[in-house]
Structures are given as structure tokens and as C-alpha cells.
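Written below as C-alpha cells is the structure these notes are about.
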Amino acid sequence: MSGPEDVQGHPADETGLKPDSVADTATASRPPRISLETEVQRFAESLLRQHANRVKRRPKAFKRRVLVLIALQLPPYPKPSGRPQQSRITKAAEMYAKQQREIAEGRRDRVNWNPIANRCIAGYRRIRSLPSLQAAVRRLRDAVYRRRRSHRNAKPAVCRGKFGENGGSVSAVFRRCSVRQ
């Protein structure tokens, strides 16, 4: 061997890479890359074929719905709206619901907030002042009631959001929401 060569006898350059002819044979086995525009065009044609009657009836609504569904599947993903839930309130709400079930079954007379507060308020046992203790339990109780009320009054996903984005006027959205409840 007079010059630098790789194992198969191909001359190697100073970088140690194989010549282009060897690299071309490796990429020949891969399928050709399709452009994004071509892929989107095929997808759109497929949608038009499969949902021709919907496109014919309401083309703007169909297009808006497709765009929303695509946006949900691609990053950046939408963040949940509203304030993030606190785990201590969630735990307190679960414990409260459990006690409510026990009341309904006849195993308990009333809700006892002491074990709930003991588990869900940090430093509950160290609070020595009675007014401070009562205020902490009251804040926890109010948060649990607020959480339960907000979940009970929650609307279906179609009813949430701006009036225009669901297609229709205020009265149309109201009718759609009130029918589903």
C-alpha cells in the first residue's frame, strides 16, 4: 500500500471519508425525500376526496376545522388555559369527595375538615393561633368548594372559547351549549 487507503482498497482523503461513489450507493437504498409542499398537496387532495360533501356544504368551516386539528398535532402544543392546579387543593378535593360519599352511604355524619387540613396544609400542626388555624382551614375549604363548583359548571369544549371561532353568533353558540347539557 503506497498511499492512505481504507479497508476495501478505496483511496481515502485526509479526512478519512470514503469517496462519493461509495456514499452514493448507501443513499441509493433510501427512498427519495418528498418536499413538504408535495406532501401537503397530497394530504389536501386526500381530504377533498374523502370529505367532498363537507367541503361542498361549508368550505370555510371545513378548512378552519382541519387547520385547528393540524395545529393540535404539531408543536408547539397548546397549553391548558387558566391557572395551573395546585396539588394540595386537588388532594383536599379528593378527600372531601370521599367524605361526601361516606355521608351518602351513612357511614359519616358530616364532613370533618381537620384530617383534610392536616394532610393538605403545610405546617398545619405547628399553627398555634386559633384565628390563624381557622383562616387556613377556611381558605382550603373555599378553594375546594371553588374547584368543585368550577368543574360542575364546566362547559363542553365546543362551548368554550370565542363566539366567532365556533362558527356562529352568540345565540347560536348559546343554543348549541344549552342543548348539550
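A search for C-beta distances below 8 Å between a residue of the stretch 101-119 that is in contact (Cβ under 8 Å) with a residue 24 or more places away in the chain and among the aromatic types (Phe, Trp, Tyr) and any residue that is surrounded by 12 or more Cβ atoms within 10 Å (Cβ to Cβ) and in a helix (DSSP H, G or I), counting only pairs 6+ apart in sequence or on different chains, returns 113/137; 113/140; 113/141.
Only residues that are small (Gly, Ala, Ser) and surrounded by 10 or more Cβ atoms within 10 Å (Cβ to Cβ) were counted in the stretch 78-130, giving 4. Modelled with pLDDT of 90 or more and within 30 Å of residue 121 (Cβ to Cβ), is that true of residue 88? For residue 88, the condition - modelled with pLDDT of 90 or more and within 30 Å of residue 121 (Cβ to Cβ) - is met.
The values are calculated or read from the model by the stated rules, or taken from the named source; none is laboratory data. As the structure is a prediction and not an experimental result, all values here were calculated from the model. Cβ coordinates were reconstructed from backbone atoms using ideal geometry, including for glycine residues, and neighbour counts include every protein chain displayed.
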